[in-house]
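A.B. asks: Below are the structure tokens for one structure; questions will follow.
Just so you know, all these numbers are worked out from the coordinates, no wet-lab data involved. Bear in mind the structure is a predicted one, so any value in this text is a computation, not a measurement. Cβ placement follows ideal geometry from the backbone for every residue including glycine, while neighbour counts extend to all protein chains displayed.
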């Protein structure tokens, strides 16, 4: 114990005063002395040692049992002090890590930012909410010539900062492509090579890429193992699953991705999502995919952005406001 930092006589006198009188002024003095201990970084075992020393000076004939109990308390406080120091170090490291993750999340938001485009005759709604600070989901809009629209929805099998770095790589790989090269099957084949060459083999990326052209009202699309979306046909008032084939990005260097197309008529909707939507849980059980459609049906009379907002709020409440996976939902509806 660093006795230079502690007035032993003051502590002994304060202890004697309290033992004799048990008055409030003694307790106030103890409070002030405790603040001094904290300020001077005095450890718990040092305080106990000071207490024992003061007690022995005040009562030299203290019974052996009491002396032994004081020694036991001192040993306990020594181990407590070591454990507390370790806890404080871990806590400081944890706070530093949280700060770094928060900074990384802000950088991710900036890097992956994409504006919802204004396409005449097309109503667009989108929401993407991370389960934790870093988002493993990704969506991106690319507005081209004659109001063509590219839509990417992706999900990294893996979370945290590595997932964020993968998404940033995907975004900038897409940004350098010319519009003529943005056909769905071609872009997935290109991105597959990028991921296969640059991403750790333990990480995979699923992706759905579509291109809508208002000139012919066609949606051309391809999928790399991504969660199937839905197509709503206004004429028949029915939903159907968007069926595609394609291996997740990064598995094989020469994967090919079939291209599909769908005519989009007035009132039709395209619903794209990640598995954080379809794999929401009610308690310990996963919901059925049909429940997503049931919720969408309730709000189909609203604008697309309101629909996705209501769907998110529904499943957020269903999970007691604790998302278990990143949640991304995109709805496109032709209005004219």
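A.B. asks: Taking 0.36 nm per residue of sequence separation and subtracting the Cα-Cα distance, how much length would be gained by fully extending the chain between residue 132 and residue 67, in nm to one decimal?
C.D. replies: 18.1 nm
A.B. asks: Within 10 Å of each residue's Cβ, count the other Cβ atoms and sort 226, 132 from fewest upward.
C.D. replies: 132, 226
A.B. asks: Please arrange 280, 233, 166 by how many other C-beta atoms lie within 10 Å of their C-beta, fewest to most.
C.D. replies: Taking fewest neighbouring Cβ atoms as first place, the list is 233, 280, 166.
A.B. asks: Need one number: nm distance between label points at residue 79 and residue 13, each 7 Å from Cα along Cα→Cβ, rounded to one decimal.
C.D. replies: Reported label-point gap for residue 79 and residue 13 is 3.8 nm.
A.B. asks: Roughly how many whole Å is it from the C-alpha centroid of region 158-235 to that of region 284-315?
C.D. replies: 24
A.B. asks: Using the basic label-point model (7 angstrom from Cα toward the beta carbon), what is the residue 21 to residue 216 distance in nanometres?
C.D. replies: Computed distance between label sites residue 21 and residue 216 equals 9.8 nm.
A.B. asks: Oh, and also: Give me the number: length gained by fully extending residue 302 to residue 141, i.e. 0.36 nm times residue separation minus the C-alpha to C-alpha distance, one decimal in nm.
C.D. replies: Gain on stretching residue 302 to residue 141: 55.8 nm.
A.B. asks: Order the peptides 295-307, 267-279, 29-41 from the highest to the lowest mean number of other Cβ atoms within 10 Å of their residues.
C.D. replies: Output ranking for 295-307, 267-279, 29-41: 267-279, 295-307, 29-41.
A.B. asks: Taking only C-alpha pairs under 8 Å that are 6+ residues apart, what is the relative contact order of region 3-91 in percent?
C.D. replies: Value for region 3-91: 33 percent.
A.B. asks: Moving on to the next point. Could you give the length gained on full extension between residue 178 and residue 290, defined as 0.36 nm per residue of separation minus the Cα-Cα distance, in nm?
C.D. replies: Full extension from residue 178 to residue 290 adds 36.5 nm.
A.B. asks: Which entry in (1) 344; (2) 215; (3) 189 matches volume of the Cα convex hull per residue in Å³ derived from the coordinates of this structure?
C.D. replies: From the options (1) 344; (2) 215; (3) 189, the structure gives (2).
A.B. asks: Of 216, 13, 137, which has the largest mean-square fluctuation in a 10 Å C-alpha GNM of the chain?
C.D. replies: Of the options given, 13 has the highest mean-square fluctuation.
A.B. asks: At a Förster radius of 25 Å, what calculated FRET efficiency corresponds to the Cβ-Cβ distance of residue 30 and residue 59, to the nearest 0.05?
C.D. replies: Step by step, r from the Cβ atoms, then E = 0.85.
A.B. asks: Tell me, what is the FRET efficiency for residue 252 and residue 169 to the nearest 0.05, using R0 = 22 angstrom and their Cβ-Cβ distance as r?
C.D. replies: 0.75
A.B. asks: Can you tell me the FRET efficiency between residue 39 and residue 93 if r is taken as the Cβ-Cβ distance and R0 is 35 Å, rounded to the nearest 0.05?
C.D. replies: So the FRET efficiency works out to roughly 0.90.
A.B. asks: Ranking request for peptides 244-255, 92-103: highest mean number of other beta-carbon atoms within 10 Å first, then the rest in descending order.
C.D. replies: Order by mean packing, descending: 244-255, 92-103.
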